[in-house]
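This report concerns only the one structure given below.
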């Protein structure tokens with residue numbers, strides 16, 4: 001089996017085993033809480049800090065990794081991530097992104113999605129998988145077809161997001177191979193552990209700790225174990241103790257968590273889009289903040305971040321009006 005990817009400004013054309021697929025170029029998956037909106041402003045500042053101290057990045061809640069991958073491309077990163085499906089995805093991408101892509105193709109073929117869309121979706125969501133490769137493929141399959149690309153689990157760890165019928169009906173709703181290859185390269189130098197406390201304990205003077213937990217008062221259904229108010233308080237206290245021993249700290253959260261980030265913390269207001277909220281009335285801009293100890297970013301985060309949001313919104317609209325196409329012809 002052979003594969004080849006050709007890219008132009010709008011579409012990624014992928015040839016696999018003789019079939020040619022036209023796939024809209026885009027990110028690998030959507031992740032609620034991603035820091036993509038502040039990457040242009042914050043990534044250079046984070047990178048400059050570590051260059052000056054000679055330390056490493058320790059990420060306590062890795063998620064999609066958008067900010068870490070942009071700021072520390074090619075550098076060693078220690079990351080904690082409690083979602084086992086997401087860890088399986090990142091780890092398998094680091095080993096062999098093409099293999100993950102082929103596993104996704106195989107899963108979609110076996111699911112009978114094109115003949116029984118919602119039935120196939122329910123079967124895949126309910127499947128019990130142990131292989132990391134299978135978990136990685138299922139994560140991408142479900143997040144590509146779920147409502148608004150959301151990943152959410154109940155208290156038992158079962159995926160429970162309804163399907164997006166329009167996505168289910170698309171001939172090819174998944175990213176192309178080139179996107180997988182970029183994602184694999186981005187996580188190749190990252191080591192994962194399951195609990196934020198384990199990663200935190202390994203941080204030393206000169207390291208930069210990034211803490212981006214499930215936000216207080218917000219969405220917490222990333223894993224079966226919920227991040228509670230007590231966990232929020234413990235995290236903030238631990239970060240302050242780390243700063244006292246020379247660790248640089250940046251923490252993200254919602255205004256509901258502000259009471260845990262009073263001085264000596266320095267808080268920086270940020271806004272992000274709330275357009276994935278299930279309630280239409282709440283799809284405007286949402287306030288959040290970054291709090292730092294031991295260092296401060298230069299420049300205005302809010303102005304550049306707002307500009308990035310406008311560009312992201314325009315790109316999202318372009319993806320919406322340029323649906324994926326599948327050309328079922330032999331090459």
Point to revise | Estimated FRET transfer efficiency when R0 is 45 angstrom, pair residue 298-residue 96 (beta carbons, to 0.05) | key: 0.70
Exercise for review: Distance between Cα centroids, region 170-212 to region 43-107: provide it in whole Å.
Suggested key: 2 Å
Study note, to complete from the structure: Label model pair residue 115, residue 245: point-to-point distance (7 angstrom along the Cα→beta-carbon line) in nm is 6.0 nm
**Study point:** Efficiency of FRET between residue 258 and residue 189 - r from beta-carbon atoms, R0 35 angstrom, step 0.05
**Key:** 0.55
Review point. Say each of residue 76 and residue 231 gets a label point 7 Å from the Cα, pointing the same way as Cα to Cβ; how far apart are those two points in nm?
Key: 2.9 nm
Practice item. Give the calculated FRET efficiency between residue 165 and residue 106 to the nearest 0.05, with a Förster radius of 30 Å applied to their Cβ-Cβ distance. Key: 0.80
Point to revise | Hydrodynamic radius by Kirkwood, which averages 1/r over all alpha carbon pairs of region 41-153, in angstrom | key: 15.8 Å
Review point. Based on the Cα gyration tensor of region 104-241, what are the three equivalent ellipsoid semi-axes, each the root of five times an eigenvalue, rounded to whole Å and given largest first?
Key: 33, 19, 13
Revision key, fill the gap. What the Cα atoms of region 103-150 span along the principal axes, largest first and in whole Å, is 26, 23, 18
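Taken together, the values in this text are just the output of simple stated rules run on the coordinates, not laboratory data. These figures come from a predicted structure and were not determined experimentally. A quick note on method: Cβ atoms are made from the backbone with ideal geometry, for glycine too, and the neighbour counts reach across all protein chains shown.
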